[in-house]
Amino acid sequence: MSAPILSLRGLHAFYGLSHVLHGVDLDVGEGEIVALLGRNGVGRSTLCKAVMAIVERQGSIRVRGRETIGLEPHRVARLGLGYVPEERAVFPGLTVEQNLLLGRHGAASARSWQLEEVYELFPSLRRRSDTHAEVLSGGEQQMLSICRALMSGPELMIVDEPTEGLAPLIVEQVGDLLAEIARRGVAILLVEQKLTIAMRIAHRVYVMGHGRTVFEGSPDELRTDEAIRKAWLEV
Amino acid sequence: MDTFAFAVVNGLLYGMLLFMLASGLTLIFSLMGVLNFAHASFFMLGAYFAYQLSSIGNFWMGLVLAPLLVGLLGATVERYGLRVVHRHGHVAELLFTFGLAYLIEELVRLVWGRQPVPYRIPEVLDFPLFSIGGIDYSAYRAFMFAIAVLMFLGLLALLKRTRVGLMVQAALSHPDVLWALGHNVPRLFMLVFGGGVALAGLAGVIGGNYLVTEPGMAHQMGTILFVIVVFGGLGSLLGAFLASILIGILQTLMVAFDGTLTDLVVSLGAAAPQATGPFREIWTITPANLAPVLPYLLLVVLLIVRPRGLLGTRET
Ligand SMILES: Nc1ncnc2c1ncn2[C@@H]1O[C@H](COP(=O)(O)OP(=O)(O)OP(=O)(O)O)[C@@H](O)[C@H]1O
Ligand SMILES: [Mg+2]
């Protein structure tokens, strides 16, 4: 593996007095899809927020070798990170196109995507480009949120539970879209609770428990490691 | 009837002036969660700055520069004051703006004295534009009206048509997400705070000479403003607009109506009430006396009937 795009060492995160992450180590390599699995409430979303600097954190977060622990969120994003938050968080009151345009920040580079390219990747957004984001279906909102993050031309996308509450057919579409994005050279840190698409598209898998990573390996290794699945995943 | 029409038009103007303050206050509140108690103090500063500038230059200089100065001051206050205090929570922020209001008032007294300053309407606009039933309507009022309307349209265009406007709208629902998408949200907050108080400053520039420019004007305006934003529903621009116009017109109407409560009852077709007993004083109260009480009465009643305010989405 070449120098990782993202490298976490001893990462702690807090909401006021409540200490949620207790020293996480995790790497995402270039062009890699890494799945982060775990039960509800173990701190997967908190890990995403910690990387994006929108929650209080300590430890080490390196992006392409550069320490970001002291940076503000917009500075972190401008290093080439795209964030697809939990529950989609599309901007209500704004149209699909306006949402997409806000995905491209002021310092977006030559890597940044054009509206056309995004529409080509996911044509149904073009048809709905003038629709207010909040009236889209859950699946469409998820696609919008992913495409919004794509607009800045990130090298790494952090995608937090993109399949939550979606019908099986749509879950498949989300998986395909992510795989397509990865094929174009964008690394993905994919947070999931269910194993479905994670096991299908991920190159490597981490399992989280009690605010730490308790397993790291290939999807096949996880498939055969019943003890880990019983202890940390199945309910 | 003419007096009535006249009062309505004046009330509308007063309501627009109120909205120039309420709009900024509402934007700042919905975006940053801070109820800026010092908002009316920036209105007062706008009036004093304009007075100062018009005494060394002219009114037009004040019209342009005073809101800019107020906006710069507001941005500085946000950047080096509010943003620091923000880490200690909302109560600290409230106390900060509260303290700021007193600080500004005392400074104004120190610099310009306790008495009103002679900030006057520019001579070019000091003539009757038209008259209804013998009452003159001054050109300056029409000018104020135009400024208020222009400001309103400008604000709307800014919010709906520009990239900064898009960012503001996005930050209303998911500020953290916008920040994590690479936008400098703290700077956006600074701009909105500066812009919001600059609008209050502009209201001070055009309202200071129409009303009176004196150290008590912030306090007076502040209380009515508070009523308006709560009445309209904290965080709702449209609610703030309706409340501004409603309270502006009601108050002006009540001041304009001379006569006592007895006259009012009689004019509504009822028999004149017997003015006896311990409460006979009530029947000699004039609506003008009641005018200052009315907004608070409306507020209290509305909060009982509808705690969210007119168009608000959250409980106040
Ligand atoms: N804003 C918050 N303030 C305080 N505690 C929080 C906050 N958000 C999350 N927590 C707590 O932190 C822990 C981890 O939450 P997190 O959202 O990271 O979990 P998760 O693994 O993403 O699970 P899920 O998304 O299914 O809730 C939980 O115990 C949760 O209660
Ligand atoms: Mg989560």
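A short reminder: the numbers here are calculations on the coordinates, not readings from a lab. Owing to the predicted nature of the structure, the values given are computational and were not obtained by experimental measurement. Here the Cβ positions follow ideal geometry from the backbone for every residue, glycine too, while neighbour counts run over all protein chains shown.
Translational diffusion of segment B:176-261 was estimated from the Stokes-Einstein equation, with Rh taken as the Kirkwood radius over Cα pairs; at 20 °C and 1.002 mPa s the coefficient is 137 µm²/s. Helix B:90-112 axis versus longest C-alpha principal axis of chain B: approximately 70°, rounded to the nearest ten.
The local environment of B:G216, defined by Cβ-Cβ distances under 13 Å, has a net charge of -1 under the rule Lys, Arg +1 and Asp, Glu -1.
How much net charge surrounds B:D126 when only other residues with a Cβ under 15 Å from its Cβ are counted (Lys, Arg +1; Asp, Glu -1)?
Numbers: positive: B:R120, B:R141; negative: B:E123, B:D136.
That works out to 0.
Counting only Cα atoms, the size of segment B:189-235 along its three principal axes is 29, 26, 15 Å, in decreasing order. In this simple spin-label approximation, B:V149 and A:S112 carry label points 7 Å from Cα along the Cα→Cβ vector, and these lie 3.8 nm apart. A crude spin-label estimate for the pair B:L159 and B:W60, with each label 7 Å from Cα along the Cβ direction, gives 3.1 nm.
Cross-link partners of B:K160 among aspartates and glutamates, defined as those whose alpha carbon lies under 18 angstrom from its own and excluding same-chain residues fewer than eight positions apart: A:E97, A:D130, A:E134.
Post the alpha-carbon centroid distance, segment A:39-77 to segment B:120-199, in whole angstrom. So the separation of the two Cα centres works out to 38 Å.
Close amide H pairs (under 5 Å, H built 1.01 Å from N) link A:T213 with A:D25, residues at least 5 positions away or on another chain.
For the protein assembly as shown, state the semi-axes of the equivalent ellipsoid (square roots of 5 times the eigenvalues of the alpha-carbon gyration tensor), sorted largest first and rounded to whole angstrom. Walk me through the intermediate numbers first.
Values: eigenvalues 642, 121, 98 Å².
In descending order the semi-axes read 57, 25, 22 Å.
Could you work out the percent of alpha carbon pairs in segment B:2-305 separated by over 25 Å, rounded to a whole number? Across segment B:2-305, Cα pairs with separations above 25 Å total 53 percent.
Computed across segment A:1-65, the Kirkwood radius stands at 12.2 Å (inverse of mean 1/r, all Cα pairs). Taking the longest Cα principal axis of chain B as reference, the axis of helix B:2-32 is set at about 30 degrees.
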